[in-house]
Amino acid sequence: MGDVKRKNLTTTAVAVLGISTAIVFVLLYLGSIVPGIDLTLMGIAGAVLYVTASRMGIGSGLLLFAASGILAVLIVPGKILLIPYLTCLGPYGVGKALLDWIFTSFGRRKDAQEEGEAETPVALRAQRNWQRKLYGLGISGSPGRVLLSYLCRLVIFASLAVTSWLIFKEAFFDPADLPDAALPFIIPGFLVIFLLYDYILGCLAFIAQRVLRKL
């Protein structure tokens, strides 16, 4: 009976991974041929990658990224437009899932310790669940823990975004074309985009978790 259950889970995982690969590839293909919404579609592709990695494991996320990236490079016509996904949005989906796993594992141990020491563990557990929904994360606890998580994500996202920007810049325009006055607006805008995108990814993973539990 256990072997049959494991076989069914493996079959389901392979099917979900195949469907996810097809969805990501279609999004990347459309992003290369439909003007004006390429980054939006690649952001959605990165979200699919993150949800897959967070629900099915980091290995599945890496496999999805590799499969979708290879297919896109081989088939998608506008390959230069794949740079944001291949260098930033895709790797960030896997990196965020990995950070979620690290902080969630640490957080659960810390929460269990705090609940054991609390006079009302049920109320504390309810507060933790409310914090997870509020933050759109699998992380709860002290504001310091949540802030550290966001700082780690910001460092990873900023590093990947700068790499993608440098590659894209070399391919399309001279950096002298960008006025210095634009920098004070670019940095706050970048932070807003990061916080919004990261929060949306967390909410999507939370929704996917609730849906999968009902299946």
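Coordinate-derived values only; no laboratory data. What you are looking at is a predicted structure, and each value in this text was computed from that prediction instead of being measured. Methodologically, a virtual Cβ is constructed for each residue, glycine included, from the backbone with ideal geometry; neighbour enumeration extends over all protein chains shown.
Any chance you could run the full-extension gain for Leu62 through Leu195? It's 0.36 nm times the residue separation minus the Cα-Cα distance, nm to one decimal.
Here the answer is 45.5 nm.
Read phi for every residue in the stretch 154-168 and hand back ³J(HN,Hα) as whole Hz from Karplus 6.51 cos²θ - 1.76 cosθ + 1.60, θ = phi - 60°, with x for Gly and Pro.
Karplus-based 3J(HN,Hα) across the stretch 154-168 equals 4, 4, 5, 5, 5, 4, 5, 5, 5, 4, 4, 4, 5, 5, 5 Hz.
Output wanted: per-residue J couplings in Hz (rounded whole) for the stretch 37-52, from phi through Karplus 6.51 cos²θ - 1.76 cosθ + 1.60, θ = phi - 60°, x for Gly and Pro.
10, 5, 5, 4, 5, 6, x, 5, 4, x, 5, 4, 5, 5, 4, 5
At Leu71 and Val14, where each label point lies 7 Å from the Cα along Cα→Cβ, what is the point-to-point distance in nanometres?
Those two pseudo-labels are separated by 1.6 nm.
Using a basic spin-label model with each label point 7 Å from the Cα along Cα→Cβ, how many nm lie between Ser105 and Leu151?
2.2
Between Leu30 and Phe168, what is the label-to-label distance in nm when each label sits 7 Å out along the Cα-to-Cβ direction?
1.9
Once the other residues with Cβ under 9 Å from the Cβ of Asp198 are scored (Lys, Arg +1; Asp, Glu -1), what is the net sum?
Its environment carries a net charge of +2.
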